[in-house]
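> Quick one: this structure, given as structure tokens, is what I'll be asking you about.
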Amino acid sequence: MTNPLYDTLFAPHAGRQTPFLHLPDGEVITHAAFLRRAAQLAHALAAFGVATGDRVAVQVEKCPDMLALYAACAQSGAIFLPLNTAYTAAELSYFVEDSGAALLVGDPARPDLADVASKAGAAFATLSGAGGSLSDIADDQSDSYETVERGADDLAAFLYTSGTTGRSKGAMLSQGNLISNAQTLTDLWRFTADDVLLHALPIFHTHGLFVASNVMLIAGGAMVFLPKLDIDALIDWMPRATAMMGVPTFYTRLLDDDRFDRDLTANMRLFISGSAPLLAETHRQFEGRTGHRILERYGMTETNMSTSNPYDGDRRAGTVGLPLPDVELRVCDAQGTELPQGETGTIEVRGPNVFYGYWNMPEKTAEEIRPDGFFITGDLGVQDADGYVTIVGRGKDLIISGGYNVYPKEIELVLDEQPGVLESAVIGVPHADLGEVPLAVLVQAPGDRIDLEAVQAAVAGALARFKQPRHYEIVTELPRNTMGKVQKNALREVFGG
Ligand code: MCA
Ligand code: AMP
């Protein structure tokens with residue numbers, strides 16, 4: 001194989017006149033057409049000076065060309081770096097600079113991005129829309145491209161993941177990481193060329209890109225490619241689909257709709273949930289309404305997927321199932337000593353799915369990957385006698401809102417800078433639709449005054465909307481333990497976390 005990722009996911013589809021992407025307006029992009037477009041985009045990347053091993057940062061709305069750009073990066077040996085469309089220019093600057101991206105591909109509707117690129121010394125292009133420069137150049141290119149030689153150990157993607165220190169880390173994923181996981185999941189979940197997957201997830205995260213899209217590419221099936229979660233569209237397409245992947249909010253919103261019932265899901269063979277805890281209650285309600293048992297799985301940006309409930313066996317509500325066939329999982333104490341079965345500890349995983357490390361952060365990498373290769377997830381779990389894993393909490397200070405990770409530290413750093421704020425603490429509080437949302441507790445500086453509107457405006461300029469606290473509380477001091485550490489549990493008790 002000259003390029004394992006391209007050769008596994010994309011090359012087998014050359015010339016296949018089979019549907020790959022069903023778009024909301026009824027347009028169908030065949031596998032063959034998709035590959036031709038990817039080749040054109042690979043030429044366009046070269047025209048922007050992108051070379052093998054270069055990072056291509058991409059912040060554009062979900063569209064077929066964005067997925068084709070992923071294929072183009074694979075084919076040309078560039079490293080794909082997708083970014084959440086909600087990120088502000090301030091957040092984006094960090095990713096583009098830190099990664100040393102050669103090119104930033106942005107939305108034409110975001111004129112501030114050209115500036116972000118130029119400050120970071122990266123070239124800038126827009127993808128789609130009127131006058132989209134990369135797509136315009138691609139239109140004039142040959143639709144075949146000589147695949148660049150790469151190996152399984154070469155890097156294929158960077159995904160930035162925020163951290164408890166407030167500084168995002170670029171997780172380096174190799175071709176081998178992506179292929180092994182996609183192959184394992186395709187087999188485990190029995191995806192074939194006959195499947196039609198409802199795809200309403202964003203494609204800038206592991207879930208929508210490496211789980212959903214890679215699996216469908218290996219299987220050779222089709223995707224109903226919706227720009228975002230749209231319950232009407234899901235209900236409309238469901239009788240023509242066979243499977244869906246979503247975060248728990250997808251399932252609770254479907255259950256809120258009376259049209260969603262057994263008849264509507266008669267053609268579906270599989271519903272998969274992940275990225276955030278699915279309440280056992282949602283699992284049961286879903287089964288009661290449709291007869292389908294949702295299959296819950298668990299993973300991380302750094303590991304792709306690590307566990308899954310079985311396809312044929314018992315899909316146990318409230319658990320994330322069993323370690324994947326090629327993944328070793330252990331539950332450990334803080335020193336990495338494995339605990340007896342049935343005890344709660346930190347989940348550690350090892351296998352071909354585990355990433356290569358954090359870009360330019362060898363110390364962080366060494367802190368999180370043990371010398372024996374086990375990655376410390378920071379999730380607290382317990383494994384039962386049958387091997388089923390239950391996530392019981394998080395050792396890391398993390399809020400998951402609608403499937404997006406929000407690290408309190410990142411918000412606290414912004415809040416602490418605001419006039420009148422002596423210090424702050426951010427906690428997650430329950431939210432019926434999104435699972436949890438951030439609540440900020442602010443301590444007013446003595447003799448000073450906090451202007452909440454000004455604080456909210458400053459936060460809006462600095463942080464993506466999904467990270468912005470939905471509630472604020474002002475207190476005179478934060479509860480601390482004898483070591484001086486803020487007791488977030490005490491805050492959760494007071495403010496309903
Ligand atoms: C949108 N908003 C949010 C979120 N999404 N606020 C908090 N949390 C969110 N997740 C804000 C918008 O800025 C807007 O703010 C308002 O909520 C409504 O926006 P809208 O676009 O209508 O929201 P939506 O389309 O209904 O989106 C909600 C969503 C979406 C469907 C839950 O966020 C989503 O698709 N989430 C999936 C994320 C995902 O793929 N995660 C996987 C990463 P305003 O109030 O100003 O109007 S984790 C991963 O990959 C690991 C490896 C794994 O295990 O899978
Ligand atoms: P990310 O850093 O975006 O990759 O998010 C990974 C985190 O999401 C994990 O460390 C878990 O805390 C959480 N997560 C993913 N899947 C599940 C699940 N099925 N149940 C509970 N938490 C999950």
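Read-outs: derived from the displayed coordinates by stated rules, not from any lab. It should be emphasised that the depicted structure is a prediction, and the values quoted were computed from it without experimental measurement. All Cβ positions, even for glycine, are placed from backbone atoms using ideal geometry, and neighbour counts span all protein chains on display.
> Hull surface divided by four, with the convex hull built on the Cα atoms of the chain: how many nm²?
23.6 nm²
> Could you tell me the center-to-center distance, by alpha carbons, between region 103-178 and region 26-94 in angstrom?
A separation of 6 Å, based on Cα centres.
> In terms of modelled amide H atoms, which long-range or inter-chain residues lie less than 5 Å from the amide H of GLN444?
LEU422, VAL475
> Viscosity 1.306 mPa s, temperature 10 °C: Stokes-Einstein D of region 404-486 from its Kirkwood Cα radius, in µm² per second?
121 µm²/s
> A follow-up question, please. Give me the orientation-averaged projected area of the Cα convex hull of region 318-441, in nm², one decimal.
Hull-based average projected area comes out at 10.0 nm².
> Please express the shape of region 235-282 as an equivalent ellipsoid: the semi-axes are the square roots of 5 times the eigenvalues of the C-alpha gyration tensor, given largest first in whole angstrom.
Equivalent ellipsoid of region 235-282: 18, 13, 9 Å, largest first.
> In region 54-163, how does Rg compare with the Kirkwood Rh, expressed as the Rg/Rh ratio over alpha carbon atoms?
The Rg/Rh ratio comes out at 0.95.
> For region 187-311, compute the orientation-averaged projected area of the C-alpha convex hull (one quarter of its surface), in nm².
The directionally averaged projection comes out at 6.8 nm².
> Further question: Suppose R0 equals 51 Å; then what is the FRET efficiency for THR337 and GLU61 from their Cβ-Cβ distance, rounded to the nearest 0.05?
The value I calculate is 0.65.
> Just flag the trypsin sites (Lys or Arg not before Pro) in region 162-259 sitting in loop per DSSP whose Cβ has no more than 10 other Cβ atoms within 10 Å.
Here no loop site has a sparse enough neighbourhood.
> Based on the Cα atoms of region 1-124, what semi-axes does the equivalent ellipsoid have, where each is the square root of 5 times one gyration tensor eigenvalue, given in whole Å with the largest first?
Listed largest to smallest, the semi-axes of region 1-124 are 27, 18, 11 Å.
> Please get the size of the charge dipole for the chain, origin at its Cα centre, with Cβ charges of +1 on Lys and Arg and -1 on Asp and Glu, quoted in debye to the nearest 20.
Computed about the Cα centre, the dipole is about 360 debye.
> Under 5 Å between amide hydrogens, which residues at least 5 positions from LEU295 or on another chain qualify, with H placed 1.01 Å from N in the peptide plane?
Hits under the 5 Å cutoff: PHE271, ILE272, SER273.
> Please report the antiparallel percentage of DSSP beta bridges with both residues in the chain, rounded to the nearest 5.
60 percent
> Taking +1 at the Cβ of each Lys and Arg and -1 at the Cβ of each Asp and Glu, which of SER99, GLY342, THR301 sits farthest along the dipole of the chain towards its positive end, judged by Cα position relative to the Cα centre?
Farthest towards the positive pole: GLY342.
> Also, quick follow-up: Report, in debye and to the nearest 20, how large the dipole of region 23-153 comes out about its Cα centre when Lys and Arg carry +1 and Asp and Glu carry -1 on their Cβ.
120 debye
> Are any of the pairs LYS228/LYS488; LYS62/LYS467; LYS119/LYS169; LYS119/LYS364; LYS119/LYS396; LYS364/LYS409 more than 24 Å apart by Cα-Cα distance, and if so, which?
LYS228/LYS488; LYS119/LYS364; LYS119/LYS396
> Normalised radius of gyration for region 114-163, please: alpha carbon Rg relative to 2.2 N^0.38 Å, two decimal places.
Its radius of gyration relative to the 2.2 N^0.38 Å reference: 1.58.
> Right, here's the next one. 5 Å is the cut-off here: which amide hydrogens, built 1.01 Å from N in the peptide plane, fall below it relative to THR307, excluding neighbours closer than 5 in sequence?
Those qualifying (amide H under 5 Å, at least 5 residues apart or on another chain) are TYR298, LEU324.
> Rounded to the nearest whole Å³, what is the per residue volume of the convex hull around the Cα atoms of region 113-244?
It comes to 195 Å³ per residue, whole-number rounded.
> When 1/r is averaged over all different Cα pairs and the result inverted, which Kirkwood radius in Å belongs to region 286-342?
This gives a value of 13.1 Å.
> For region 265-387, would you read off the P(r) tail past 23 Å as a percentage of all alpha carbon pairs?
Within region 265-387, distances greater than 23 Å cover 36 percent of Cα pairs.
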